[in-house]
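Accompanying notes for the structure given below.
Please treat every number below as a calculation from the coordinates, not as lab data. Bear in mind the structure is a predicted one, so any value in this text is a computation, not a measurement. Cβ atoms come from the backbone with ideal geometry, glycine included; neighbour counts cover every protein chain shown.
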Amino acid sequence: MPAQILAFLNFKGGVAKTTDTVNIGAVMALHPQIGGKRVLIVDLDPQCNSTLWLVGREVYRWVQERDQTVHEIFRRSLKKLKPDMASIIHPVDKSELSGGRLDLLPGSFSCLKLEEDPKMLDDNALGHLVLTKALETIKNQYDYILLDCPPSWSILTRNALRAAHHVLIPYTPDYLALEGILWMRQLHEEFSQRVGIGNIARLTGVIVNRVRNAANHQYVNAHQQAITELGQVIEQLHQKHGYRLHVFQPHIAETSAVAEAVNYQEHLLNKDMNHPVTRQFTALTQDIMMHLRILNPRMIEAA
Amino acid sequence: MAVQHQEVTDSLKLQKLIARLREAADTLEADEPLLDSSKVNALNAQMEVLVNRLNQSEKEALTVSKSDYLRARGPWLEAWNFNAAQMERSVLFALGLNALPKGISKDTMSDRLHLLSVLLAARGLDTVLELSKAQPIATLGYQDYGIAIDRKANQALLLWGQMPQDEFLQKMTTFDEQTIRCSAKAVGLSGAKWNTTARRELHRRAVRFARNTML
């Protein structure tokens with residue numbers, strides 16, 4: 001069965017898009033109980049945070065020098081050539097226990113220059129279908145393909161929206177991240193009208209990150225109101241615009257364990273499997289997978 | 001020294017048993033529709049063994065049946081996700097405690113499940129199910145959007161947030177007490193003492209709510 005393609009997207013930066021992409025991908029692939037899936041992470045963000053986190057600086061520089069990155073797909077597309085996906089996908093980790101594997105299609109800062117090429121921006125030339133065509137050749141090799149998207153409206157974002165089935169929106173409880181959701185809804189609607197309704201990913205759900213625990217009452221108060229505001233906005237998006245977003249559970253706590261995992265260039269499952277935030281990511285991943293099964297009954301039949 | 005070492009060892013064994021039981025319950029709960037019957041039977045058998053060993057190991061003779069645990073687990077976790085502070089208060093009252101034991105937090109799933117086991121053993125399934133039902137009034141949306149939405153509170157906040165402060169303070173005495181309480185909780189206020197400062201704070205947060213959520 002072809003892979004479910006999930007885009008992690010919010011136009012607000014710093015809402016833990018990369019944290020969610022990397023750790024949810026790791027749980028899907030490598031968790032001893034609920035893992036076992038074949039997962040590919042595609043780093044579409046020119047900041048290349050997913051790449052640096054998963055493979056480290058040396059490998060990152062090595063692939064940049066040889067352009068064995070997502071940029072290669074776009075570069076070859078401009079020359080009307082097909083990409084050699086096998087040469088640019090890198091294995092990251094695999095689990096003998098669960099039978100799953102985690103691969104990476106590295107990002108590239110060279111993608112920043114894609115916007116300068118008029119061929120990429122011309123809708124008629126279908127510059128936003130480059131990723132779709134490339135993933136078409138490998139989608140049967142994976143169960144899930146996760147797209148770590150840049151926090152901007154760019155050719156990469158449009159490619160992600162055309163390629164993906166679902167958009168998951170990482171959110172931190174504050175007003176600016178809430179505005180990011182509203183911008184996404186607006187741009188999603190405009191883009192959908194341009195390319196045809198049903199031809200882009202569905203806005204499926206929200207992942208709440210960086211929730212502070214009860215230690216500091218001032219912050220608990222602020223976060224509680226932000227969550228209430230999120231609920232109100234989500235209900236209004238459904239009633240006024242027909243967008244039904246699901247808020248996945250549990251909410252991920254603010255913790256230094258995530259930064260520690262980044263510093264050690266390991267995902268949380270490797271760094272500390274029994275840490276409370278790792279358990280939260282496990283439960284969150286379960287919720288996401290169950291929700292996707294409800295939305296796509298064919299997945300249950302295939303399993 | 002030898003007795004202490006034995007107690008520590010016993011405690012670690014107990015923790016491992018509990019952890020294994022939870023893992024098996026998680027797998028069964030999450031994947032039961034997708035597993036074949038032999039795998040489901042194997043998991044059930046594993047849990048039976050673990051529960052029996054747990055019952056034998058527990059020094060204070062706590063007994064928790066597997067069926068009670070599985071029956072209570074879902075509503076219990078949902079109730080905690082929805083209102084952890086309320087559940088903490090209910091659990092403390094049910095157990096006759098002033099505070100949670102050291103090392104137990106109301107914010108982690110594993111500790112919430114530990115409290116489930118303790119309460120099931122101490123007060124039985126009916127009490128646990130009753131506690132798990134306790135929800136604030138007029139809360140909707142959890143099934144629809146995965147997040148609790150108190151529509152009545154939200155509507156009140158929208159209305160109050162568009163009033164000038166003087167008008168709000170003047171009219172607050174006429175508002176329904178439950179609406180005030182639910183709305184205050186929705187914006188993170190305890191609302192225990194409604195002095196002038198607290199009322200101004202509630203209005204300030206209502207203004208913020210109205211401003212941030214108007215589409």
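Only Lys, Arg, Asp and Glu carry charge here, each on its Cβ (+1 for the first two, -1 for the last two); on that basis segment B:145-213 has a dipole of about 180 debye about its Cα centre. The local environment of residue B:133, defined by Cβ-Cβ distances under 12 Å, has a net charge of -3 under the rule Lys, Arg +1 and Asp, Glu -1. The mean count of C-beta atoms from other chains within 10 Å of the C-beta of residues in B:204-214, rounded to a whole number, is 4.
Dipole size of the protein assembly as shown about its Cα centre, with +1 on Lys/Arg Cβ and -1 on Asp/Glu Cβ: approximately 540 debye, rounded to the nearest 20.
The residues A:116, B:130, A:229, when put in order of fewest to most other Cβ atoms within 10 Å, stand as A:116, B:130, A:229.
Charging the Cβ of each Asp and Glu at -1 and of each Lys and Arg at +1, and nothing else, the dipole of segment A:4-302 about its Cα centre rounds to 600 debye.
GNM remark for chain A: springs join alpha carbons under 10 Å apart, and the peak mean-square fluctuation among A:37, A:79, A:94 falls on A:79. Taking the DSSP bridge list for segment A:4-302 and keeping only pairs wholly inside it, about 15 percent are antiparallel. Positive-end ranking of B:172, B:156, B:207 along the dipole of segment B:145-213, with charges on Cβ about the Cα centre, is headed by B:207.
Positive end of the dipole of the protein assembly as shown (Cβ unit charges, origin at the Cα centre): among A:92, A:239, A:274, the Cα lying farthest that way belongs to A:239. Once you have a ≥ b ≥ c as the square roots of the Cα gyration tensor eigenvalues for the protein assembly as shown, tell me rounded if a/c is under 1.5, and otherwise prolate or oblate according to whether a/b is larger than b/c. Oblate. Screening chain A for whole DSSP H helices with an alpha carbon extent of at least 20 angstrom along the helix axis and a mean Kyte-Doolittle hydropathy of at least -0.5 yields A:175-195, A:276-295. Could you tell me which of the pairs A:94/B:66; A:37/B:39; A:37/A:80; A:94/A:133; A:271/B:102; A:113/A:133 are separated by over 30 angstrom between their Cα atoms in the structure shown? With Cα atoms farther than 30 Å apart: A:94/B:66; A:37/A:80. Taking the charge dipole of the protein assembly as shown about its Cα centre, with +1 at Lys and Arg Cβ atoms and -1 at Asp and Glu Cβ atoms, the residue from B:190, A:129, B:21 reaching farthest to the positive side is B:190.
Shielding of peptide A:230-240 by partners, expressed as the average count of other chain Cβ atoms within 10 Å per residue Cβ, is 6. Near residue A:50, once Lys and Arg are set to +1 and Asp and Glu to -1 for all other residues with Cβ below 11 Å from its Cβ, the sum equals -3.
Listed from fewest to most Cβ neighbours within 10 Å, the set B:209, B:175, A:191 follows the order B:175, A:191, B:209.
Here, segment A:4-302 is characterised by an Rg to Rh ratio of 0.95, where Rg is the alpha-carbon radius of gyration and Rh the Kirkwood radius.
What is the sum of charges, Lys and Arg at +1 and Asp and Glu at -1, for the other residues whose Cβ falls under 15 Å from the Cβ of residue A:23? With Lys, Arg at +1 and Asp, Glu at -1, the net is -4. Counting every other Cβ atom within 10 Å of each residue's Cβ, A:240, B:102, A:12, B:66 order from fewest to most as B:102, A:240, B:66, A:12.
Mean residue ellipticity at 222 nm, helices only, the protein assembly as shown: -18500 deg cm²/dmol; runs of at least 4 DSSP H residues each add -39,500 (n - 2.57), and the sum is divided by the number of residues.
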